[in-house]
1. Could you check how many residues of the stretch 204-233 are of a type in the set (Lys, Arg) and without any contact (Cβ under 8 Å) to a residue 60 or more places away in the chain?
2. Check Met11 against each of (1) part of a helix (DSSP H, G or I); (2) at pLDDT 95 or above and name the one condition it does not meet.
3. Would you point out the residue of the stretch 131-176, among those that are among the β-branched types (Val, Ile, Thr) and under 24 Å from Ala53 (Cα atoms), that is most open to solvent (accessible area, probe 1.4 Å)?
4. Looking only at the stretch 196-222, which residues are assigned to a helix (DSSP H, G or I), open to solvent by 10 Å² or more (accessible area, probe 1.4 Å) and β-branched (Val, Ile, Thr)?
5. So in the stretch 117-147, with the set limited to residues that are assigned to a helix (DSSP H, G or I) and of a type outside the set (A, V, I, L, M, F, W, C), which one is modelled with the lowest pLDDT?
6. If you go through the stretch 89-98, how many residues are surrounded by 14 or more Cβ atoms within 10 Å (Cβ to Cβ), modelled with pLDDT of 95 or more and part of a loop (DSSP other than H, G, I, E, B)?
7. Is it the case, given these coordinates, that Tyr36 is crowded, with 16+ Cβ neighbours inside 10 Å and in contact with a Leu (Cβ under 8 Å, 6 or more places away or on another chain)?
8. Looking at the stretch 118-130 only, could you name the residues that are touching a helix residue (DSSP H, G or I) at 6+ places or on another chain (Cβ under 9 Å) and under 30 Å from Lys10 (Cβ atoms)?
Amino acid sequence: MKIALLGYGKMGKVIERIALERCHEIVLKKDEFNTYEGLSTADVAIDFSVPTAAVDNISNCFHANVPVVSGTTGWLEHYDEMIALCNEKKGGFISSSNFSLGVNIFFELNEYLAKIMAQFDSYKVSMEEIHHIHKLDAPSGTAISLAKGVIENSNYSEWTLDEAKNNEIHIEAKRIGEVPGTHTVNYDSAIDSIEIKHTAHNREGFALGAVIAAEWLAGKTGIYTMKDVLNLK
């Protein structure tokens, strides 16, 4: 399979290595210094860039008729616009805040636990996410996805980085050293606490999941999620 890498930072290089190990070919390594030359020859593109580049990267894929997997976060104010363009161009698209297989299982556990805990008003939910000091957005896209998973399955209505009020979920975002990513969901009451936690040990899981998603998406049109890729629906 021919892959275009859109974003060639630390994650892009890990994705490249894993893709080559799985016998794929890299036809484009797009960074801020080069063009999209070679994109149209790709079977699929993987975007792990920065928020300011993601929309251009994804748009160029749809215009080039190349399915795209995007793991960039911090650009979602343009998400509906990209979905409309994908539908218009009959493109293929998977966007996820986190492609780690473990994190996507964690998403499912989070939603299941939220449904159970919605029955018990004595517990208050909060979240913590820890990432490396180079991460540009806060809270992380993964933390936002976790919060949305709770909101969709409970009486909570919003998340906040500030002190939580009424039906808000407080997210504490920390930036420490080179931490790849740790996410914790807490349910606290006066009597006890329940906690679920996912800890990434390195970037390998994110990269492998993105390559697996690209393998699954190649040749398809439509808008999908990691639930489709991992058959979690």
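1. Start the filter on the stretch 204-233 by keeping residues that are of a type in the set (Lys, Arg), which leaves 220, 227, 233.
In the following step, the residues that additionally are without any contact (Cβ under 8 Å) to a residue 60 or more places away in the chain were identified as 233.
Adding up the residues that qualify gives 1.
2. Of the numbered conditions (1) part of a helix (DSSP H, G or I); (2) at pLDDT 95 or above, the odd one out for Met11 is (2).
3. Kept after step one, since they are among the β-branched types (Val, Ile, Thr), are these residues of the stretch 131-176: 133, 142, 144, 150-151, 160, 169, 171, 176.
Adding the requirement that they be under 24 Å from Ala53 (Cα atoms) leaves 133, 142, 144.
Details: Ile133: 103, Thr142: 6, Ile144: 39 Å².
The residue in question is Ile133.
4. Keep residues of the stretch 196-222 that are assigned to a helix (DSSP H, G or I), which gives 204-217.
Still in the list and also open to solvent by 10 Å² or more (accessible area, probe 1.4 Å): 204-206, 208, 212, 215-216.
Residue satisfying the conditions is Ile212 alone.
5. Initially, the stretch 117-147 is screened for residues assigned to a helix (DSSP H, G or I), giving 117, 141-147.
With of a type outside the set (A, V, I, L, M, F, W, C) added as a condition, the list becomes 141-142, 145.
Values: Gly141: 88, Thr142: 91, Ser145: 92.
Across the stretch 117-147, the extreme among qualifying residues is Gly141.
6. Final tally of qualifying residues: 1.
7. yes
8. If the condition is that a residue be touching a helix residue (DSSP H, G or I) at 6+ places or on another chain (Cβ under 9 Å) and under 30 Å from Lys10 (Cβ atoms), then Met127, Glu128, Glu129 are the ones that fit.
The values are calculated or read from the model by the stated rules, or taken from the named source; none is laboratory data. As the structure is a computational prediction, the values presented were derived from the model and not from experiment. No Cβ is skipped: glycine too gets one built from the backbone with ideal geometry, and neighbour counts run over all protein chains shown. When the accessible area is computed, the model is the full protein with side chains, heavy atoms only, and any ligands, DNA or RNA have been set aside. Shrake-Rupley method; radii C 1.70, N 1.55, O 1.52, S 1.80 Å.
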